[in-house]
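The values are calculated or read from the model by the stated rules, or taken from the named source; none is laboratory data. Since the model is a prediction, treat every value here as computed from it, not as a measurement. Neighbour counts run over all protein chains shown; Cβ positions are idealised from the backbone, glycine included.
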Amino acid sequence: MEVALIDVDSKIPNLALMKLSAYHKRHGDNVKFYEPLLDHPDLCYASKIFDFTPEPDYWPDCEIVRGGVAYDRKLHLPEEAEHIMPDYGLYNCEYALGRFTRGCPNNCPWCVVPSMDGHEVRQVADLNEFWDGQKVVRLLDDNIMADSDIFCRACEQLSKAEVKVIWEALDIRLVTPETARALASVKQGKSIHFAWDSHAQDDAVPRGLKYLADAGLKPWRFMFYVLVGFGTKRDYDLYRIYTLRDLGTNPFVMPFDKNDRYQRDLARWCNNKVLFKSIPRFEDYDCPTNRERS
Ligand code: SF4
């Protein structure tokens, strides 16, 4: 069978397509990315993540299975494909990509995870299922710290494998002395990301950073997403940014509405580290928002 893949808009190698490729190759099928006019596949898988991405210009004339957040949040891979070693050659992907868990107990109103993966955090794989000896492992877990036992066991496996790890954003509210020590036992592939989105994290930020420092992780290692434009006031946006900077971490503004001028200006100032260092106060940044207010 000829199998075609369409990756509409992934920003990193698409894990589901790499697994489907491995699955079909195991069953003797030919698998490749779809080339319109050249290919006449028997079956096609298409994946799309973002609603706003335009549709592809051409579709093959065959059965098409559409998955990914933008097409079908409930569609899951067949069990055999879910647990197969991904076909990393499909994207010449040099790092291992996978997840130990699915699910998140939180209910952030802007997030699709609970509706896709449920509120219960459960283990779905061990490292050996998706790691093939690469030096770097990139994890896609929704909220792995929500089960501290699973998190600590995962850190043990990652530490034993001596790999560098790139995490999805971790939850600062779930940092305890135990999870901080487990995190510190792992080699980090890049800065570790947390979020300070709302008052729900106000107390957790300094507390979590204290535990992380006690475990030997310096604050400059952490980048904090600061969501703005989703029910927060400007004073509170600036309070979070200035506090995170004073604590020695790196704040990164996430505008909820990229068309909103204030949110765009704030992000441009804070996320450009040359600007952020040379102009310590947003109020002094020459931008349409501040010109309008003066
Ligand atoms: S904690 Fe993260 S994964 Fe969980 S619902 Fe909130 S944004 Fe989504």
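For the structure I just gave you, tell me whether Ile84 is of a type in the set (Val, Ile, Thr), within 16 Å of the ligand (Cβ to nearest atom), closer than 18 Å to Ala16 by Cβ and assigned to a loop (DSSP other than H, G, I, E, B).
Numbers: of a type in the set (Val, Ile, Thr): yes; within 16 Å of the ligand (Cβ to nearest atom): no; closer than 18 Å to Ala16 by Cβ: yes; assigned to a loop (DSSP other than H, G, I, E, B): yes.
Judged against the criteria, Ile84 is not a match.
Could you figure out which of (1) within 30 Å of Ser198 (Cβ to Cβ); (2) more than 16 Å from the ligand (Cβ to nearest atom) isn't true of Arg102?
Only one criterion is unmet by Arg102, namely (2).
Quick check, is Val186 within 15 Å of the ligand (Cβ to nearest atom), buried (at least 20 other Cβ atoms within 10 Å of the Cβ), at pLDDT 95 or above and closer than 11 Å to Leu217 by Cβ?
no
Yes or no, residue by residue, for (1) in contact (Cβ under 8 Å) with a residue 40 or more places away in the chain; (2) closer than 27 Å to Ala4 by Cα; (3) part of a helix (DSSP H, G or I):
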| site | (1), (2), (3) |
| --- | --- |
| Asn92 | no, yes, no |
| Cys108 | yes, no, no |
| Cys111 | no, no, no |
| Pro114 | no, no, yes |
| Arg138 | yes, yes, no |
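Residue-wise test of (1) assigned to a loop (DSSP other than H, G, I, E, B); (2) away from the ligand (no atom under 15 Å from the Cβ); (3) assigned by TED's automatic domain parsing to the domain that holds Asn250.
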{"residue": "Arg181", "(1), (2), (3)": "no, yes, yes"}
{"residue": "Lys190", "(1), (2), (3)": "yes, yes, yes"}
{"residue": "His193", "(1), (2), (3)": "no, no, yes"}
{"residue": "Gly208", "(1), (2), (3)": "no, no, yes"}
{"residue": "Leu212", "(1), (2), (3)": "no, yes, yes"}
{"residue": "Gly216", "(1), (2), (3)": "yes, yes, yes"}
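Among the listed residues Asp260, Asp202, Asp214, Asp237, which satisfies the condition of being surrounded by 12 or more Cβ atoms within 10 Å (Cβ to Cβ), without any contact (Cβ under 8 Å) to a residue 40 or more places away in the chain and touching a Gly at 6+ places or on another chain (Cβ under 8 Å)? Spell out the reasoning first.
Details: Asp202 fails: touching a Gly at 6+ places or on another chain (Cβ under 8 Å); Asp214 fails: touching a Gly at 6+ places or on another chain (Cβ under 8 Å); Asp237 fails: touching a Gly at 6+ places or on another chain (Cβ under 8 Å).
Unique residue meeting the criteria: Asp260.
Any idea which of Val165, Val113, Val175, Val137 is under 27 Å from Phe230 (Cα atoms), more than 9 Å from the ligand (Cβ to nearest atom) and surrounded by 16 or more Cβ atoms within 10 Å (Cβ to Cβ)?
Values: Val165 fails: under 27 Å from Phe230 (Cα atoms); Val113 fails: more than 9 Å from the ligand (Cβ to nearest atom); Val137 fails: under 27 Å from Phe230 (Cα atoms).
That would be Val175, the only listed residue that is under 27 Å from Phe230 (Cα atoms), more than 9 Å from the ligand (Cβ to nearest atom) and surrounded by 16 or more Cβ atoms within 10 Å (Cβ to Cβ).
Tell me which residues, restricted to segment 23-41, are of a type in the set (Ser, Thr, Tyr) and in contact (Cβ under 8 Å) with a residue 40 or more places away in the chain. Walk me through how you get there before you give the answer.
Taking segment 23-41 first, the residues of a type in the set (Ser, Thr, Tyr) are 23, 34.
Selection gives Tyr23 alone.
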